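Written below as structure tokens is the structure these notes are about.
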């Protein structure tokens, strides 16, 4: 691969629970290209959430390397990781994580505030991304005045506000009904078709199939990488073959 946005090399993460060491991630090597749409799946305890936390610079690995947008972020300090998160990564969560007493446009502006963008510029950018998700007319509505699907669209707009190189979506349809989930996945597919790189964590096979490629985890290992049914005839990017399998 010549244009990997995300590259991990033997990435591992251990946690100490009392006197017991939990091997949450065991030597995962993968490459994800710019513009790809990848779903990460697996049963509870498979390591997919740990993998997402490391990709989002919310945690540091015990061993191995993580290269994001050409830079090794594996051993950065907490402050440096926070700076990388704010500049390069947008997050979408299952429960939206919106401020309840704050209108949609101000929720979207939050990462721009942290980045120090002047008020007029961040206001214009927030309107731009709200329009991109079809909610410009609801800019001044509070979360309680929006449906679950609309709240998730606001959360997606917030994730896009800082022009991130990578959007991480953690079970983004988990709190939504079937039709609304389908609408949100179509929106993510459209954004991906416009060039946005998306990595999605989900336990739902039908949701995962919206991606171009599906990475399956079990017991802390990447065990399979298969095509999804997402936009495009051929999924972009590639994953290192799991241990014991031919590349």
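Any read-out appearing in this document is the output of simple, stated calculations on the displayed coordinates, not a laboratory observation. Here the structure is a predicted model, which means the values were calculated and not measured. Glycine also receives a Cβ, built like all others from the backbone with ideal geometry; neighbour counts cover every protein chain displayed.
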**Message:** Per-residue counts of other Cβ atoms within 10 Å, averaged by peptide: what ranking do you get for 140-149, 212-221, highest first?
**Reply:** 212-221, 140-149
**Complete:** Rounded to the nearest 5, the percent of DSSP beta bridges in the range 4-227 running antiparallel is 60 percent
**Message:** Quick check: the angle from helix 119-132's long axis to the longest principal axis of the chain, C-alpha only, nearest 10 degrees?
**Reply:** 70 degrees
**Request:** Note down the nm distance, to one decimal, between modelled labels 7 Å out along Cα→Cβ at residue 16 and at residue 62.
**Result:** 1.1 nm
**Prompt:** Based on the Cβ-Cβ distance from residue 223 to residue 147, what FRET efficiency comes out when R0 is 35 Å, to the nearest 0.05?
**Reply:** 0.40
**Message:** What is the angle, in °, between the Cα long axis of helix 104-114 and the longest principal axis of the Cα atoms in the chain? Nearest 10 is fine, range 0 to 90.
**Reply:** 60 degrees
**Request:** Give the span of the range 73-161's Cα atoms along each principal axis, as three whole-Å numbers ordered largest to smallest.
**Result:** 42, 30, 23
**Message:** Against the 2.2 N^0.38 Å scaling, with N counting residues, where does the range 59-109 land? I'd like the Cα-based Rg ratio to two decimal places.
**Reply:** 1.48
**Asked** Per the helix-only calculation at 222 nm, which mean residue ellipticity applies to the chain, given -39500 (n - 2.57) for every DSSP H run of n ≥ 4 and division by its residues, nearest 500 deg cm²/dmol?
**Response** -9500 deg cm²/dmol
**Fill in**
Between the Cα axis of helix 178-193 and the main Cα principal axis of the chain, the angle (0 to 90°, nearest 10) is 80 degrees
**Asked** Ranked from highest to lowest mean number of other Cβ atoms within 10 Å per residue, what is the order of the peptides 131-138, 87-94, 113-120?
**Response** 87-94, 131-138, 113-120
**Item:** Quarter of the Cα convex hull surface for the range 4-227, i.e. its orientation-mean projected area (nm²)
**Value:** 12.4 nm²
**Message:** Between the range 113-156 and the range 1-63, how far is it from one alpha carbon centroid to the other, in angstrom?
**Reply:** 30 Å
**Computed lengthening from residue 190 to residue 72, 0.36 nm per intervening residue step minus Cα-Cα distance** = 39.5 nm
**Request:** Could you list the square roots of 5 times each eigenvalue of the Cα gyration tensor of the range 1-115, that is, the equivalent ellipsoid semi-axes, sorted largest first and rounded to whole Å?
**Result:** 26, 19, 15
